[in-house]
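Below: one structure, written as structure tokens.
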Amino acid sequence: MPTWRAERAPHQPDWPTGPDIVAVETELAGYPPLVAPRECDRLRGRLADVSLGRAMLLQGGDCAETFAKATPASVRGKLRCLREMAVILACASGLGVVQVGRIAGQYAKPRSRPVETRDGVTLPSYLGDAVNDVEFTEDARRIDPYRLLRTYRSSADTLDEISALIGHDGIDLTALHEQIREMAARGPRNERHQELIEKISVALRFLAGYAGADSDLRAPDFYSSHEALLLNYETALVRTDPRTGDDYGSSGHLLWIGERTRQPDGAHVAFAARVRNPVAVKLGPTARPEEALALAERLDPDREPGRLTFIARLGADRVRDLLPPLVERVRDSGSPAIWICDPMHGNTITAPDGHKTRHFDDILREVRGFFAVHHELGTHAGGLHLELTGEDVTECVGSSGVGFDDLATRYESACDPRLNHDQSLHLALELAMVFEDQAAENRRTACAVSRTS
Ligand SMILES: O=C[C@H](O)[C@H](O)COP(=O)(O)O
Ligand SMILES: C=C(OP(=O)(O)O)C(=O)O
């Protein structure tokens, strides 16, 4: 009997009683692992660099992947978007950027309400393609355990697609350079922004020249991640590494525990404690420093750099107040946990037409607040966790010309609003400006110290 069954497991679908869920678990248990232990170990090693302040983590992708949209073009768009952001961030910070998709497994969603009502009709909420279908009909919203098998297959196809792209599909630096210039010309950017774009352009031109005639930058490692929400699925895919006897969650390289399921004594944390993968935990505005500490002790008792990441999603208005005590408490305990910023989930609003959306200014304000707090504390701001897509959707407002009136034009997310390609690059450029400001401040402080000594 898997250990989690004996514990509290919130946000599990009400799987229909009968033999089906057991049959699905048995079938999954016989499938090959989706990711290999050595790949998870490699990611943990790269994350150790983030923990030690030598690299950054960029994690992003759909809020909710769907079977229908797990196409090669969509996968390629997301990878490309993340890689382009990584190039901008690396140019600006001088740090390596570890790229992790919210991809190849992000098929389950915890929801605020169990049901949804439209025009007087009430149906079960959409819980992700792993559980039911987003279409608003009784049949589509029925919970179906066999969708877990499709989740596995779709994740496997996406991982195949990613493997085909890695090492073969490089970034065209000249095209990226042009795209950044076009963005600069389109957007209401100030002079400093232009200067920064020019600097990044120079770096990109150098890289293009250095990389050779095809101006092509080969993709570095790329890893998968998703919220380990559905414990029937995750547990059925645990595999033991014959080299070491350690258990790994074989559904993805990095598995995270969401804000709603992060109880230190709960079933999801027990699952994450059992596996050797790098793991992450979301921390929302109600998270207390003692809870963060308890999570660090439970999930990373050996204090291994790269094992544990905290994903703070505190909201633009509160990040500057709520983040310092969390970071300080964990740091003072000697934990090497990485801190990254999810500026999406604390900043969701409802547009006048009813769409869920996020304002770019709020997203940026939370990112700036997060990096400012770490700068003040002298701790390493480890990176970003974003909901984004490589496509030209209109889901978040306030950048790339998308306003409230444009949301209906191309709103395709099955759950929460994502940054589109242009907005993602815009955010990367804004963060690059933060790095510049902080570097300038560090130089001023160093000069002042050397004058007084
Ligand atoms: O992605 C996070 C949550 O699953 C999502 O924000 C929940 O959305 P809801 O509040 O509409 O249920
Ligand atoms: C559910 C999610 O976020 P959170 O747990 O932070 O609400 C998510 O990132 O999909």
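The values are calculated or read from the model by the stated rules, or taken from the named source; none is laboratory data. Predicted, not measured: the structure shown is a model, and the values here were computed from it. Reconstructed Cβ throughout: ideal geometry from the backbone, glycine too, with neighbour counts over all protein chains shown.
Please determine, by comparing only the residues of the range 399-453 that are without any contact (Cβ under 8 Å) to a residue 24 or more places away in the chain and basic (K, R), which one is farthest from ligand 2 (Cβ to nearest atom). Filtering first and then ranking leaves R451. At least 1 residues being more than 16 Å from ligand 2 (Cβ to nearest atom) and surrounded by 17 or more Cβ atoms within 10 Å (Cβ to Cβ) is the threshold, and among the strands (runs of 3 or more DSSP E) wholly inside the range 80-143 those reaching it are 96-102, 121-124.
Just need a number here: residues in the range 345-361 that are within 15 Å of ligand 1 (Cβ to nearest atom) and either acidic (D, E) or over 18 Å from the mean Cα position of the chain (by Cα) (or both). Write out each step before concluding.
Taking the range 345-361 as the starting set, the residues that turn out to be within 15 Å of ligand 1 (Cβ to nearest atom) are 345-351, 354-358.
From the residues that got through so far, the ones that are either acidic (D, E) or over 18 Å from the mean Cα position of the chain (by Cα) (or both) too are 349-351, 354-356.
Matching residues across the range 345-361 total 6.
Pairs linking a residue in the range 333-349 that is closer than 17 Å to R318 by Cβ to a residue that is among the polar types (S, T, N, Q) and part of a loop (DSSP other than H, G, I, E, B), with Cβ atoms under 9 Å and 6 or more positions apart or on different chains, are W339/T379.
For the range 288-315, residues that are part of a loop (DSSP other than H, G, I, E, B), more than 16 Å from ligand 1 (Cβ to nearest atom) and small (G, A, S) total 1. All but one of (1) touching a helix residue (DSSP H, G or I) at 6+ places or on another chain (Cβ under 7 Å); (2) modelled with pLDDT of 95 or more; (3) in a helix (DSSP H, G or I) hold for C40, so report the exception by its number. Failing condition for C40: (1). Residues in the range 374-401 that are under 19 Å from L429 (Cβ atoms) and in a loop (DSSP other than H, G, I, E, B): A381, T389, G390, D392, C396, G398, S399, S400, G401.
Answer with yes or no whether A48 is part of a helix (DSSP H, G or I) and surrounded by fewer than 17 Cβ atoms within 10 Å (Cβ to Cβ).
Working: part of a helix (DSSP H, G or I): yes; surrounded by fewer than 17 Cβ atoms within 10 Å (Cβ to Cβ): no.
When the stated conditions are applied, A48 does not pass them.
Evaluation of V397 against the conditions (1) farther than 20 Å from V75 by Cα; (2) out of contact with any Leu (no Cβ under 8 Å at 6 or more places or on another chain); (3) at pLDDT 95 or above; (4) of a type in the set (A, V, I, L, M, F, W, C) shows that the sole unmet condition is (2). For the criterion of being out of contact with any helix residue (DSSP H, G or I) (no Cβ under 9 Å at 6 or more places or on another chain), in contact (Cβ under 8 Å) with a residue 12 or more places away in the chain and within 16 Å of ligand 2 (Cβ to nearest atom), E259 passes.
What number of residues within the range 309-330 are away from ligand 2 (no atom under 16 Å from the Cβ) and either within 20 Å of the chain's Cα centre (by Cα) or surrounded by fewer than 17 Cβ atoms within 10 Å (Cβ to Cβ) (or both)?
Step one: list which residues in the range 309-330 are away from ligand 2 (no atom under 16 Å from the Cβ), which gives 317, 320-321, 324-325, 327-330.
Going one step further and asking which of them are either within 20 Å of the chain's Cα centre (by Cα) or surrounded by fewer than 17 Cβ atoms within 10 Å (Cβ to Cβ) (or both), we end up with 317, 321, 324-325, 327-328.
Looking only at that region, the number is 6.
Scan the range 328-348 residue by residue and report those that are among the polar types (S, T, N, Q) and in a loop (DSSP other than H, G, I, E, B). If the condition is that a residue be among the polar types (S, T, N, Q) and in a loop (DSSP other than H, G, I, E, B), then S333, S335, N347 are the ones that fit.
Please find, among V269, V202, the residue that is in contact with a helix residue (DSSP H, G or I) (Cβ under 7 Å, 6 or more places away or on another chain) and either at pLDDT 75 or above or not aromatic (F, W, Y) (or both).
Going through V269, V202 in turn, just one is in contact with a helix residue (DSSP H, G or I) (Cβ under 7 Å, 6 or more places away or on another chain) and either at pLDDT 75 or above or not aromatic (F, W, Y) (or both): V269.
Among the residues making up the range 238-249, those that are surrounded by fewer than 24 Cβ atoms within 10 Å (Cβ to Cβ) and not acidic (D, E) are V238, R239, T240, P242, R243, T244, G245.
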